[in-house]
Amino acid sequence: MTNNQSTDLLFEISQPGRRCHRLPACDVPVRQSLLPTDAVADAPPPLPELGEIDLIRHFVNLSKRNMSIDTNFYPLGSCTMKYNPKRHERLAALPGMANLHPLQSDDSCQGMLEMLWSMQNILAEIAGLDAVALQPAAGAHGELTALLVAEAFYRDRKEKQRTRVLIPDSAHGTNPASAAIAGFDTVSIKSTAKGLVDLADLTSKLDERTAVFMITNPNTIGLFESQIGAITKLIHDAGALVYLDGANMNAIVGVTRPGDFGADMMHYNVHKTFTGPHGAGGPGSGPIAVRGDLAPYLPTPLVVKDGTTFKLEYNRPKTIGRVRSFFGNVGILLRGYCYIRTLGPVGLREMTENAVLNANYLLALVQHALDVPNGNRCMHEFVASASKLKRTKHISAMEIAKRLLDFGYHAPTVYFPLVVPEALMIEPTETESKETLDAFAATLLKIIEEDGNFLHNAPYTTPISRPNDAKAFKEPILRWKA
Ligand SMILES: Cc1ncc(COP(=O)(O)O)c(C=O)c1O
């Protein structure tokens with residue numbers, strides 16, 4: 001069948017009142033009542049006429065332009081693009097897992113329910129908190145869910161005056177966005193010159209209106225909040241809750257636990273901390289963990305164990321309700337579970353140590369040439385600044401990022417966090433070898449030595465060089481054109 005024949009067929013099927021001659025079993029007027037006449041095309045769409053081989057070449061060549069963690073070093077700070085082991089893909093693809101239907105009865109999918117139940121317990125243990133809900137579909141969704149839990153908690157306690165969420169100015173943009181969507185007012189807390197929470201500013205803004213302090217630890221500058229104990233005590237003394245943005249858990253898993261340093265609730269980015277394919281907004285998984293007295297408000301269903309069987313529990317009177325269809329992104333949770341069970345407690349700690357070691361190694365290699373305003377030690381990532389280079393050689397963070405593409409590297413995150421001017425946020429992750437880090441550092445140092453005017457037009461080797469990002473977002477061309 002040619003393309004035109006198949007589009008003829010589609011056209012024929014979509015014509016109200018016409019009978020579908022080419023489908024033998026179909027002798028009723030097709031879709032007559034379903035499609036309004038003005039929505040029906042009067043001619044087949046002008047699709048390109050191509051043979052299979054041409055189509056295959058087109059898509060294979062497109063796929064070869066795709067940059068991924070499987071093809072290139074991807075030091076995208078904050079997004080944690082670590083390698084996704086292939087054995088997890090194989091396990092997730094097992095028919096007993098991949099072919100399950102979310103509407104199956106509990107007794108017909110006990111294995112999957114056991115995995116989810118076990119994942120709830122493991123994530124609670126790693127967090128040092130009491131209960132876990134797996135539903136949120138990504139980190140930002142976890143933030144929103146936890147803030148809705150906090151809102152229900154205060155409503156129940158009749159503390160209606162708690163309308164504010166305090167957020168450090170170095171936080172990820174999703175923090176204030178989640179707080180606003182959950183109905184809270186947001187208050188920004190300053191960072192000190194060292195990139196940590198300014199305790200004086202926090203104290204001056206903390207009062208009986210404070211519901212939650214959202215803190216990212218390690219923070220987005222790649223620093224551990226050295227005063228975390230004092231900070232969480234201040235918040236608790238004011239009767240408020242501490243929320244930990246757990247996006248950077250890959251720097252502390254197995255070394256310290258959020259519950260132990262005073263967090264009352266947190267989210268995980270399973271896809272970043274325990275691996276899972278992600279990028280460009282998903283699919284992810286952002287389970288939340290909470291302390292015991294917040295557990296009644298968690299979204300339903302939770303997975304519970306009843307004797308020797310596992311079931312989904314919906315009957316939780318104080319729940320905020322469902323936040324996601326079915327049980328969350330089960331496929332990502334499954335991959336995260338494989339990662340955790342493969343490494344075990346000792347391996348997870350080693351993962352953390354290697355993530356921190358790799359970041360510090362890279363930092364040490366480039367620090368003499370690239371300013372790192374917040375110290376010569378970091379956690380899993382560091383934020384360099386191209387400010388001085390921009391002043392002296394007209395080389396901006398964007399120039400460096402673009403030029404790296406010519407050498408086959410994904411660019412680091414740029415211009416975030418906002419508190420560091422001309423920011424380049426570099427996160428190598430634990431899976432990279434010393435050779436890869438050496439080669440990347442050498443390339444970075446070489447680029448810094450290049451001529452500013454030359455860099456201004458980089459990259460030179462990619463199909464598109466300098467797209468107008470704002471225009472592309474506002475006027476995306478999503479259709480094939482002749
Ligand atoms: C610090 C921080 N918080 C929150 C998020 C949001 O997580 P997600 O992209 O899973 O929604 C990110 C994502 O990069 C992050 O880095």
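Coordinate-derived values only; no laboratory data. Owing to the predicted nature of the structure, the values given are computational and were not obtained by experimental measurement. In this analysis, Cβ positions are derived from the backbone assuming ideal geometry, glycine residues included, and neighbour counts consider all displayed protein chains.
List of remarks:
- Sites VAL304 and THR256 - FRET efficiency at Förster radius 25 Å, r taken between beta-carbons, to 0.05: 0.30
- Stretching ARG57 away from SER188 to a fully extended chain increases their span by 42.0 nm, per 0.36 nm per residue minus the current alpha-carbon distance.
- ³J(HN,Hα), Karplus 6.51/-1.76/1.60, whole Hz, each residue of the stretch 242-247, x for Gly, Pro: 9, 9, 9, 6, x, 4
- Taking other C-beta atoms within 10 Å as the exposure proxy, HIS456, HIS278, HIS271 rank HIS456, HIS278, HIS271 from fewest upward.
- Computed on the stretch 189-301, with alpha-carbon pairs under 8 angstrom and 6+ residues apart, the relative contact order is 19 percent.
- A Förster radius of 45 Å combined with the Cβ-Cβ distance from ASN354 to ALA39 puts the calculated FRET efficiency at roughly 0.20.
- Under the span-like rule (Cα at least 30 Å along the axis, Kyte-Doolittle mean at least 0.0), DSSP H helices of the chain: 330-366
- Highest mean first, the peptides 293-303, 39-49, 232-242 sorted by other C-beta atoms within 10 Å per residue fall in the order 293-303, 232-242, 39-49.
- Positive-end ranking of PRO345, GLY331, PHE310 along the dipole of the stretch 310-354, with charges on Cβ about the Cα centre, is headed by PHE310.
- Around the Cα centre of the chain, unit charges on the Cβ atoms of Lys, Arg, Asp and Glu (plus for the first two, minus for the last two) sum to a dipole of about 380 debye.
- Cut-off 11 Å (backbone N to label point 7 Å along Cα→Cβ of LYS86), residues of the stretch 413-440: none
- With 0.36 nm allotted per residue and the present C-alpha distance subtracted, the LEU312-ASP70 stretch has 83.5 nm of extension available.
- Between ARG341 and TYR415, the modelled label-to-label distance comes to 4.4 nm, taking each label 7 Å out from Cα in the direction of the beta carbon.
- Coil-residue chymotrypsin sites (Phe, Trp or Tyr not before Pro) of the stretch 395-482, DSSP, other Cβ within 10 Å capped at 16: TYR415, TYR460, TRP480
- Eigenvalues of the alpha-carbon gyration tensor of the chain, scaled by 5 and square-rooted, set the equivalent ellipsoid semi-axes at 40, 35, 23 angstrom, largest first.
- Per-pair calculated FRET efficiency, R0 = 30 Å: THR462 and ASP207 via Cβ, rounded to 0.05: 0.05
- Helical runs assigned H by DSSP (4 residues or longer) give the chain a calculated mean residue ellipticity at 222 nm of -11500 deg cm²/dmol, each run adding -39500 (n - 2.57) before division by the residue total.
- Taken over the stretch 286-431, the percentage of Cα pairs per 10 Å bin, counting from 0 up to the bin with the maximum distance, is 10, 25, 22, 21, 15, 6, 1.
- Average Cα contact separation per residue, the chain, under 8 Å, 6 or more apart, as relative contact order %: 17 percent
- Cβ-defined net charge surrounding THR392, 14 Å radius [Lys, Arg +1; Asp, Glu -1]: -2
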